[in-house]
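The values are calculated or read from the model by the stated rules, or taken from the named source; none is laboratory data. What you see is a predicted model; the values in this text were computed from it and never measured. Neighbour counts are summed over all protein chains in view; Cβ atoms, including those assigned to glycine, are modelled from backbone coordinates with ideal geometry.
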Amino acid sequence: MRQDKGEVIIIGAGPSGAVAAGLLRRAGRAVTLVEKEVFPRFCIGESLLPQSMEYIEAAGMLQDVVEAGFQFKNGAAFACDTKHAQFDFREKFSPGWGTTYQVPRGPFDKALADAAARMGADIRYRHEVTRVDLSGEKPVLSVLPKNGEAYTLTGDFLLDASGYGRVLPRLLDLETPSELPVRQAIFTHIEDRITRNAGFDREKILISVHPGKRDVWYWLIPFSNGRSSIGVVGRREQFARADLEGLGEREQLRAWVMEAPNLAKLLRDAAWDTPAQHIIGYSANVKALHGRHFALLGNATEFLDPVFSSGVTIAFKSADLAVKAILRQLAGEPVDWARAYAQPLMTGVNAFRAFVNAWYDCRLQDIIFHPSKHPEIKRMISAVLAGYAWDENNPFVARAERRLASLDAACALG
């Protein structure tokens, strides 16, 4: 059997893997990415947060993203029946980028991966990791190409950026149940045909709440080519409706969308030309974020919920923290991975978690739709929604749950 050697091996060439590769290559380190699929490929999660731009820029990939022509994004809009609210991410508490893009993930992920390859990363598409051995001095992967013979790949350090594939959590028995309820999403891409005079801001993601079920919500993410990503999220049992029984997923999604008056109006002329897909029980957790010679990145660590589009931002942050620790370790420095990686990463994850929980128990909805908003508090909330969930100068990061509870109580008192 062929035996290959590398320095840093990354499983998965998606956003976290590509950015990690870019950061490592800029530091002069050799990188091998093993990717099961071929790019471009479909993936959900198209609305970026401004915080992400910092890591794209640091990885040397900003020009690649800017020149791809993606839809400009400056904020988020929320709607529930007749109530509306908007957040402009340029008006936020934390310093940094206030704008970003809304991206079809196929071309976006390929743009990042191509940039990593241009920078010298060795990307091996259609190569599947079937086994990982961490018992020796270095990690050893068993790899099976789509059209070729199996081989082993040995490196100095291993990063799992496999996203929903969760390669190391599966192979190393690291998976553990999420504390979040089991929810389901149905989604597709459409030709939205939204007219210019419809009052729709294509520079913002639109989050809509079902008028009769406040824990059911929709996303509408416009792209630069006249198409949009549309999806509905709810508890699994909420999708078991007798009136939708026998319908295909696209027809079920369309029926749900027509129950939200604002979406029914916006999308009345839309062309539903793409089959819908679904995902159930997407929230995930792990027993450990790192171990001897390895670390987990992005969705391979923990996936919360799509409501605030935090997935790619968490993926990039995890790549940035992990690469900084790896560079120190490869230089011979002792690294406390809990302090250098896991603890700082979970600061932002826990802030997002508090916002997700407050959204589903409706406290955050009451805050967002409250008619009177204190400007400075709105800027603090806007910063978290823009991805700055690691800025502990922001009270809604450092004490997220307490601040949200206090603000909700204040809103209730008027």
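Filtered by the rule that a residue be more than 17 Å from residue 201 (Cβ to Cβ) and surrounded by fewer than 21 Cβ atoms within 10 Å (Cβ to Cβ), the stretch 255-269 gives 255, 258, 259, 261, 264, 268, 269.
Selection over the stretch 280-297 of residues that are touching a Lys or Arg at 6+ places or on another chain (Cβ under 9 Å) and not in a loop (DSSP other than H, G, I, E, B) gives a count of 4. Listed by position, the helices (runs of 4 or more DSSP H) enclosed by the stretch 306-414 that each have at least 3 residues that are under 30 Å from residue 43 (Cβ atoms) are 311-330, 343-360, 363-368, 375-385.
Being under 25 Å from residue 366 (Cβ atoms) and among the small types (Gly, Ala, Ser) is the filter; apply it to the stretch 179-213 and report the residue that is surrounded by the most Cβ atoms within 10 Å (Cβ to Cβ). Among those residues, the one meeting the criterion is 208.
Please verify whether the stretch 26-42 includes one or more residues that are in contact (Cβ under 8 Å) with a residue 24 or more places away in the chain and under 30 Å from residue 394 (Cα atoms). Taking every residue of the stretch 26-42 in turn, none turns out to be in contact (Cβ under 8 Å) with a residue 24 or more places away in the chain and under 30 Å from residue 394 (Cα atoms). Within the stretch 127-143, one or more residues are in contact with a Pro (Cβ under 6 Å, 6 or more places away or on another chain), under 16 Å from residue 9 (Cβ atoms) and assigned by TED's automatic domain parsing to the domain that holds residue 306. For the stretch 151-165, indicate whether the set of residues that are of a type in the set (S, T, N, Q), under 17 Å from the mean Cα position of the chain (by Cα) and in the same structural domain as residue 327 (by TED's automatic domain parsing) is non-empty. Yes, there is a match, as at least one residue in the stretch 151-165 is of a type in the set (S, T, N, Q), under 17 Å from the mean Cα position of the chain (by Cα) and in the same structural domain as residue 327 (by TED's automatic domain parsing). The condition (being touching a helix residue (DSSP H, G or I) at 6+ places or on another chain (Cβ under 9 Å), in the same structural domain as residue 308 (by TED's automatic domain parsing), among the β-branched types (Val, Ile, Thr) and surrounded by 17 or more Cβ atoms within 10 Å (Cβ to Cβ)) is satisfied by just one residue among 356, 384, 397, 335: 335. Of all residues in the stretch 114-138, those that are among the charged types (D, E, K, R) have Cβ atoms under 8 Å from Cβ atoms of residues that are part of a helix (DSSP H, G or I), 6 or more apart or on another chain, in 114/64; 131/171. Looking only at residues of the stretch 214-238 that are among the charged types (D, E, K, R) and in contact with an Asp or Glu (Cβ under 9 Å, 6 or more places away or on another chain), we find that the one that is surrounded by the fewest Cβ atoms within 10 Å (Cβ to Cβ) is 235.
One line per residue, one yes/no per condition, for (1) surrounded by fewer than 19 Cβ atoms within 10 Å (Cβ to Cβ); (2) more than 25 Å from residue 186 (Cβ to Cβ):
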| position | (1), (2) |
| --- | --- |
| 42 | yes, no |
| 50 | no, yes |
| 53 | no, yes |
| 69 | yes, yes |
| 78 | no, no |
| 82 | yes, yes |
